[in-house]
Amino acid sequence: MTDLAAFSALLTDEGQTLLTALRDYTPSQELAVASRLRREHPADLVTAAITHARLRQRAVAKFGEQDAHRMYFTPGGVEQSTRRTVAEHRAAAFARLGVRSVADLCSGIGGDAIALARAGIRVLAVDRDPLTAEAARANAAALGLADLIEVRCTDVTEVDTSPYDAVFVDPARRGGRGRVFDPEAYSPPLSWAIDAARKAPHAALKIAPGIPHETIPPEAEAEWVSDGGDVKEAVLWFGTRPGTITATLLPGPHTLTGRGLPNPPVRPVGRFLYEPDGAVIRAHLVAEVAEELGGGLVDETIAYITAAEPRPTPYATAYEITDELPFNLKKLKALLREREVGTLTVKKRGSAVEPEELRRKLKPKGPNAATVFLTRVAGAPTMLLGRPAGAVGR
């Protein structure tokens, strides 16, 4: 049975019955479950249903329980699709711009198209892979959005986007050998996506968070987005605020806008250490957070902010520092033993030491918890010991 034939079989009444029966199955019991189901259903269909049930379980983290168990996926589609919270944030941004229709190019299984349609925006979802396009079409139907989402299986470079208010492009950033880092090796290349964006009244291009700032077109607004502290993506917006740099933290959202501040000064380590959110760091907006906190850097090359007083901010996590030591494992081990620290969180920035290797060497034991930062302070390898500052910082 081909992939398309297996997928089509899942949409039949028999396929739907199997998917319903497998919703809460336990993977550890897969062999027994498969053997039982094959007594009443074709073996190929049972295999396809079990595979899909597994994909739905993995998708819960991205789409939530309710949507994930109604949706359809490809193995790559689960990994590469946009997390629902991030897609909803982008759809809301399009809606605020007055966009009523979007050409969603490289739409995948339809994660962004779903969010756009739920925001009341008409969507043309385009993907060149037949199975992926079928999954997107099935998702639109399953979620009651077929009237707003048209799915087209074709090469995105052949699509006329002029009838649409906006273009959204999410180029493939994985190849046969894994993740692709050269924007011109995206599929389609970033240069093509930028040209497509320039032709539309509004556009958003999803790119890798590590893109060099110097490659950002001057007419674009660049936004880095994190969700729950994890950096998820960067987006180039066209038709908005040229040259603007922002970091958006979800949930919230909390959006920090760059003001072109100079690098913060280096200061001695104070009572509090702030670890900026990854989106803030990727957007090069540590200076804006340091100014808000009235703090400085522990080292000119390290994105840790130090301050004497606690100040609440959504853009960094605060720690209260109890000890500052030159890097020395014997001294750290003795201190942890003295403090009866058994739960040790290891963070590093500017250090070659691997956290797991450090834990193996320290063998912490005891009822207490602590956080150790392996970093540089004014150029010197340093260990900072502390603990999360409770409500401060979030």
Ranked by accessible surface with a 1.4 Å probe, highest first, in what order do Asp24, Asp323, Asp277, Asp165 come? Asp24, Asp165, Asp323, Asp277
Okay, helix-only estimate at 222 nm for the chain: each DSSP H run of n ≥ 4 adds -39500 (n - 2.57), divide by all residues, round to 500 deg cm²/dmol; what do you get? -10000 deg cm²/dmol
Filter the cross-link list Lys232/Lys347; Lys232/Lys331; Lys232/Lys333; Lys206/Lys347 down to pairs whose alpha-carbon distance in this structure exceeds 27 Å. Lys232/Lys331; Lys232/Lys333; Lys206/Lys347
The range 143-243 accessible area per residue, 1.4 Å probe, protein heavy atoms, integer Å², reads 47 Å²
How far is the Cα center of the range 129-203 from the Cα center of the range 242-272, in Å? 31 Å
So what is the relative contact order for the range 235-394, in percent, with contacts set as C-alpha pairs under 8 Å and at least six apart? 23 percent
The extension gain from Asp160 to Arg100, computed as 0.36 nm times the residue separation minus the Cα-Cα distance, is 19.9 nm
Quick one: compute the contact order of the range 231-320, relative version, from alpha carbon pairs under 8 angstrom and 6+ residues apart, as a percent. 32 percent
Quick one: dipole size for the range 1-87, taken about the Cα centre, charges +1 on Lys/Arg Cβ and -1 on Asp/Glu Cβ, in debye to the nearest 20. 280 debye
Report the accessible area of Ile245, computed with a 1.4 Å probe over the heavy atoms of all protein chains in place, in Å² rounded to the nearest 10. 40 Å²
Where labels lie 7 Å past Cα in the beta-carbon direction, separation of Asp24 and Phe181 in nm: 4.6 nm
For the range 289-394, what is the charge dipole size about the Cα centre, in debye to the nearest 20, if Lys and Arg each add +1 at the Cβ and Asp and Glu each add -1 at the Cβ? 680 debye
With charges only on Cβ, +1 for K and R and -1 for D and E, what is the dipole size of the range 164-233 about its Cα centre, in debye, rounded to 20? 340 debye
Can you return the aspartates and glutamates within cross-link range of Lys363? Criterion is Cα-Cα under 17 Å, with same-chain partners fewer than 8 residues away left out. Glu338, Glu340, Glu354
Output ordering of 202-208, 303-309, 325-331 (per-residue mean of other Cβ within 10 Å, highest first) is 202-208, 303-309, 325-331
What order, most packed first, do the peptides 127-137, 359-369, 107-117 have when packing is the mean number of other Cβ atoms within 10 Å of each residue? 107-117, 127-137, 359-369
Selected from Gly296, Leu19, Ala48, residue furthest toward positive end of dipole (the chain; charges at beta carbon): Gly296
Using a 1.4 Å probe on the protein heavy atoms, what percent of the accessible area of the range 214-312 belongs to carbon and sulfur? 51 percent
Dipole check, the range 189-317, charges on Cβ (K,R +1; D,E -1), about Cα centroid: among Thr306, Ile207, Val280 the Cα furthest to the positive pole belongs to Ile207
By how many degrees, between 0 and 90 and to the nearest 10, does the Cα long axis of helix 130-142 differ from the longest principal axis of the chain? 90 degrees
Please determine, in degrees from 0 to 90 and to the nearest 10, the orientation of helix 84-96 with respect to the longest principal axis defined by the Cα atoms of the chain, where the helix direction is its Cα long axis. 80 degrees
Taking Cα pairs under 8 Å and at least six residues apart, what relative contact order does the range 1-132 come out at, in percent? 20 percent
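The values are calculated or read from the model by the stated rules, or taken from the named source; none is laboratory data. Please read these numbers as outputs of a predicted model, since none were measured by experiment. Note that we place each Cβ from the backbone using ideal geometry, even for glycine, and neighbour counts take in every protein chain shown. In case anyone asks, the SASA skips ligands and DNA or RNA and just uses the protein heavy atoms, side chains included. Shrake-Rupley method; radii C 1.70, N 1.55, O 1.52, S 1.80 Å.
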